[in-house]
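Enquirer: Attaching a single structure in structure tokens format; questions to follow.
The values are calculated or read from the model by the stated rules, or taken from the named source; none is laboratory data. Here the structure is a predicted model, which means the values were calculated and not measured. Virtual Cβ from ideal backbone geometry, glycine too; neighbours counted across all protein chains shown. Surface areas here come from the heavy atoms of the whole protein model, side chains and all, with no ligands, DNA or RNA. Shrake-Rupley method; radii C 1.70, N 1.55, O 1.52, S 1.80 Å.
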Amino acid sequence: MPGLEERLHQYEPLFGGWYLRGEIGSGSYGRVYRAEYRDLFGTVETAAIKAVEILPDHALATTPDKLKQLAYEAAMSEVETLRCLRGLSNVVNMDDHAVFEIVEDGRVIGYDLVIRMELLQNVGQMIRRNGGRLQSVEQAKQLGKDICCGLIRCHACDILHRDINPNNIFQNAFGDYKLGDFGIAKQLHGTLHAQTAIGTKQYVAPEVFHRANSERLADRYDARVDIYCLGLVLYQLTNDGYLPFYYEGLPRSAWEEAVMRRLNGEKLTPPSQADDAFSQVILKACAYRPEDRFASAQEMYDALCRIDQPQQTAVIAEPQQELDFWHPQEQKKSLLHAFGLEVVSTPEMRHMAQKLDARVLESDHMQLGGALTPRAAARLPRWRIRAPWFHMNHLRIREYTSISDRAFQGRRDLVSVNISGTMTEIGKEAFAHCGSLTEFRCGDGLKRIGQRAFADDAKLTRCHLPDSVCELGDQVWMGCTSLQSLRLPEQIQALGEELCAGCMSLYQVTLPSHLRSIGTNAFHASGLQKILMPDSCIRLGAGAFSDCKQLRSVQLSLRLAIISEACFAGCTALQQFDFPFRLAEIRDRAFYGCTSLTELVIPEGVRRIGEQAFAHCDSLQTIRVPDSVRQIGESAFPIKGKRHFGGSRFTVIAKEDSYAWRYCRQNRIEVRER
């Protein structure tokens, strides 16, 4: 019988036009794949396909009708649950489903259930990349509120999830968190009690575990098991990524003991990164006795909302005064000052800002400092004039310590941003899609810049970062087509994936002297002309400098041992390349399509040359291969070399009877002894 994935390819196109594009992961049962659909105009849509293999016990399925009935009961459990919850904003949406027969030796032995859902980012994968936690505690609070909203509706439909953990929580492009993977969810048909099934052991509630293992008599559990699981997720996100009784360096042999300490009712310590109010909410949700927890998801949601509500204070009304910018006098601060922001402007422009009503802020008791949230940034006036000479578009941010995720996303009126030295963190996509932003400056003190912070800022030409920055997320400058030069801070040791991908005007980058790794596709399709890599760099990600059409000169780290897949593929202007003497492997397609290379000398010590490593290097005339090479992939060398005014074809220079010599003889490649 073919495997599940092979059968899925046989069913293609799924749902009329969807094709699988690789496995994403696995759920409580079944596998999840990425799928694409291309319409008549070439527009590509993406979705997630969950496939479940249903093979009932043939001792019970004595007839074809009984087999179909057992398969239907197994398949429709999740489908019916998702159908009841379709359209909810905090639950993963199901778009369609289908069932296919599994046939072996001419008879039906089971069924494949295929569910098409929206494609979202998995929180479990996010926190694994970020050391077990989200970018900030504020995000953990938002996750708690969003999942509570989803649970309110689930419990209202008499549905328990029973397997809430980071791998079953997802985030969409707008930052909203959603609950997914209802593989073991229970429809309760009018009652909030259940007696079977257990979720992921690391997050399971004590009463569910003891009931399932029959260790002691436990009451039938109810909706509070979901509250307990959510509390454990929040505990992990605010405790440096560790569940209760786990700590850094805990041996694997002690993991089971840590879980049992929690399941046996040992008191939990407060999470290390949560404040007192947030810790109280988390610990109450994780209470050992169900009656000590929140009675419902609505009650937990209300408690999370009360954490950030400021204390009410009386506001004394001040007499209104007429403002006159022609005669300076003592005036109340403008709306922008109340937010901790100011603009470089003429007196006329300052008068316009002062005329804005600040009473809205007074009623909300806005305070300076802390995180500049999208809600606060949205209250700033949006100026219709986007020209660089318009002074109100030059924004200065002071007194804040961080900028939250997507705070200024899509603001097309910002021309330049200048941030004071109090700022320590810029969230992901904080300034993404700011179509008029040309310059960004930040004072010393900034530590972290989140994922896609400046992505797709097409007019950004200058970005000045202090050396205090020690962490850069993935795709920070992706799609900044006008960015010309970039100096990366000295404390950076690792460059993320697709960091400057698509920066076509980026001709120069100054790399940190202590850089250790460059991520996948970090400078893909950029305008780099020269690369000077420090000797501390020991890793290059796949496609790190691929399709850099202007790249002419490369100086690699002397400690580099591997040139990764497609690392310099498509660098058509690269004419000369000096390999480091410690090189051990050249992987697949490493120099694919480098049409300007003419001669190469591979150093002693290289043991493997990957498939198509030098394929389509049409100008390559000679390549010297050492005796140390023990493996050469298929089509590693160009089949034919171009003749240059009567010049010779491509030739490999190798020692007679070496592996390279025999490889060339077998593949009819011209070879001569060195």
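Enquirer: Within region 433-445, is even one residue open to solvent by 20 Å² or more (accessible area, probe 1.4 Å), under 20 Å from residue 371 (Cβ atoms), within 23 Å of the chain's Cα centre (by Cα) and at pLDDT 90 or above?
Expert: Within region 433-445, not a single residue is open to solvent by 20 Å² or more (accessible area, probe 1.4 Å), under 20 Å from residue 371 (Cβ atoms), within 23 Å of the chain's Cα centre (by Cα) and at pLDDT 90 or above.
Enquirer: Restricting to region 250-269, name every residue that is of a type in the set (A, V, I, L, M), in contact (Cβ under 8 Å) with a residue 24 or more places away in the chain and either assigned to a loop (DSSP other than H, G, I, E, B) or surrounded by fewer than 16 Cβ atoms within 10 Å (Cβ to Cβ) (or both).
Expert: Going residue by residue through region 250-269, those that are of a type in the set (A, V, I, L, M) are 250, 254, 258-260, 263, 268.
Cutting the leftovers down to in contact (Cβ under 8 Å) with a residue 24 or more places away in the chain gives us 259, 263, 268.
268 - this is the single residue of region 250-269 that is of a type in the set (A, V, I, L, M), in contact (Cβ under 8 Å) with a residue 24 or more places away in the chain and either assigned to a loop (DSSP other than H, G, I, E, B) or surrounded by fewer than 16 Cβ atoms within 10 Å (Cβ to Cβ) (or both).
Enquirer: If I go through region 85-104 residue by residue, how many of them are open to solvent by 40 Å² or more (accessible area, probe 1.4 Å), of a type outside the set (Ser, Thr, Tyr) and touching a helix residue (DSSP H, G or I) at 6+ places or on another chain (Cβ under 9 Å)?
Expert: If we filter region 85-104 for residues that are open to solvent by 40 Å² or more (accessible area, probe 1.4 Å), which is where we start, we get 86-87, 89, 93, 95-97, 99-101, 103-104.
From the residues that got through so far, the ones that are of a type outside the set (Ser, Thr, Tyr) too are 86-87, 93, 95-97, 99-101, 103-104.
From what is left, the residues that are touching a helix residue (DSSP H, G or I) at 6+ places or on another chain (Cβ under 9 Å) are 93, 97, 99-100.
Result for region 85-104: 4.
Enquirer: Quick one: is residue 52 more than 26 Å from residue 152 (Cα to Cα), open to solvent by 50 Å² or more (accessible area, probe 1.4 Å) and modelled with pLDDT of 80 or more? Steps first, please.
Expert: Details: more than 26 Å from residue 152 (Cα to Cα): yes; open to solvent by 50 Å² or more (accessible area, probe 1.4 Å): no; modelled with pLDDT of 80 or more: yes.
No: the conditions fail for residue 52.
Enquirer: Which condition number in (1) part of a strand (DSSP E or B); (2) within 20 Å of the chain's Cα centre (by Cα) is the one that residue 509 fails?
Expert: (2)
Enquirer: Just the residues that are outside any helix (DSSP H, G or I), in contact with a helix residue (DSSP H, G or I) (Cβ under 9 Å, 6 or more places away or on another chain) and open to solvent by 30 Å² or more (accessible area, probe 1.4 Å), please, taken from region 270-303.
Expert: If the condition is that a residue be outside any helix (DSSP H, G or I), in contact with a helix residue (DSSP H, G or I) (Cβ under 9 Å, 6 or more places away or on another chain) and open to solvent by 30 Å² or more (accessible area, probe 1.4 Å), then 270, 273, 275, 288, 289, 295, 296 are the ones that fit.
Enquirer: Go through the residues of region 581-594 one by one and say whether even a single one is open to solvent by 10 Å² or more (accessible area, probe 1.4 Å) and modelled with pLDDT under 90.
Expert: yes
Enquirer: Still on this model: Just one of 78, 118, 73 is open to solvent by less than 60 Å² (accessible area, probe 1.4 Å) and modelled with pLDDT under 80; which is it?
Expert: 78
Enquirer: Evaluate region 632-642: report whether one residue or more is open to solvent by less than 100 Å² (accessible area, probe 1.4 Å), at pLDDT 90 or above and not in a loop (DSSP other than H, G, I, E, B).
Expert: Checked against the condition, which is being open to solvent by less than 100 Å² (accessible area, probe 1.4 Å), at pLDDT 90 or above and not in a loop (DSSP other than H, G, I, E, B), region 632-642 yields at least one hit.
Enquirer: Additional query: Taking the residues in region 547-576 that are among the polar types (S, T, N, Q) and open to solvent by less than 10 Å² (accessible area, probe 1.4 Å) as candidates, determine which candidate is modelled with the lowest pLDDT. So that I can check it myself, show each step before the final result.
Expert: Step one: of region 547-576, the residues among the polar types (S, T, N, Q) are 550, 553, 555, 557, 564, 572, 575-576.
Next cut, open to solvent by less than 10 Å² (accessible area, probe 1.4 Å) only: 557, 564.
On the way: 557: 90, 564: 95.
In this case the residue turns out to be 557.
Enquirer: Here is a follow-up. Where residues in region 466-478 are out of contact with any Phe, Trp or Tyr (no Cβ under 7 Å at 6 or more places or on another chain) and open to solvent by less than 20 Å² (accessible area, probe 1.4 Å), which of them is farthest from residue 412 (Cα to Cα)? Spell out the reasoning first.
Expert: Residues of region 466-478 that are out of contact with any Phe, Trp or Tyr (no Cβ under 7 Å at 6 or more places or on another chain), as a first pass: 466-475, 478.
Narrowing further to those that are open to solvent by less than 20 Å² (accessible area, probe 1.4 Å): 466, 468-469, 472-473.
Numbers: 466: 25, 468: 29, 469: 26, 472: 24, 473: 23 Å.
Here the answer is 468.
Enquirer: Using the structure shown, decide if residue 30 is buried (at least 16 other Cβ atoms within 10 Å of the Cβ), touching a Pro at 6+ places or on another chain (Cβ under 8 Å) and not hydrophobic (A, V, I, L, M, F, W, C).
Expert: no
Rundown of residues vs (1) touching a Pro at 6+ places or on another chain (Cβ under 8 Å); (2) open to solvent by less than 20 Å² (accessible area, probe 1.4 Å), yes/no style:
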site	(1), (2)
411	no, yes
415	yes, yes
423	no, yes
431	no, yes
447	no, no
460	no, yes
464	no, no
